[in-house]
Amino acid sequence: MQRVGLMLQVKPEKLDEYLKIHENVWPDLLAELKKAGFRNYSLWLGPGGVEFGYLECDDWQASCDYLATSEVHTRWQTFMQDYLDSPTASDQGGQPVLILAQSFLME
């Protein structure tokens, strides 16, 4: 199992809309994320629109490769571009994320 921590930057002027959208994430997107192997996926919003995400999967790159071919995921990422000031990475399925290095784990 891989644990993935990531950072996003939400545009401060779009925070209210962004939060509203995430109250009702598209069901077909959630199904695709599960098919990609994502588990325990959560986002944590901090001051100024800085957001931390955490998820677990068996193989991050395989999950990203799957999502890169997903029509609904591509549509979501395109939609989110209006809300995020984060770089995208084609090798991560076009997701606008900065992957973090794990520095500590207590089990």
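If the condition is being among the β-branched types (Val, Ile, Thr) and not in a helix (DSSP H, G or I), then the range 1-58 contributes VAL4, VAL10, VAL25, VAL50. Scanning the range 9-21 for residues that are touching a residue at least 24 places away in the same chain (Cβ under 8 Å) and either within 14 Å of PHE79 (Cβ to Cβ) or among the polar types (S, T, N, Q) (or both) yields GLN9, VAL10, LYS11, LYS14, GLU17, TYR18, ILE21.
Check off (1) modelled with pLDDT of 95 or more; (2) of a type in the set (S, T, N, Q); (3) within 17 Å of THR88 (Cβ to Cβ) for ASN24 and give me the number that stays unchecked. Here ASN24 meets the rest and fails (3). Every condition in (1) modelled with pLDDT under 90; (2) in a helix (DSSP H, G or I) holds for PRO87 except the one numbered (2). Scanning the range 39-58 for residues that are surrounded by 13 or more Cβ atoms within 10 Å (Cβ to Cβ) and either more than 25 Å from LEU15 (Cβ to Cβ) or touching a Ser or Thr at 6+ places or on another chain (Cβ under 6 Å) (or both) gives TYR54, GLU56, CYS57.
The values are calculated or read from the model by the stated rules, or taken from the named source; none is laboratory data. Just so we're clear, the structure is a prediction, and the values are computed from it rather than from any experiment. Neighbour counts run over all protein chains shown; Cβ positions are idealised from the backbone, glycine included.
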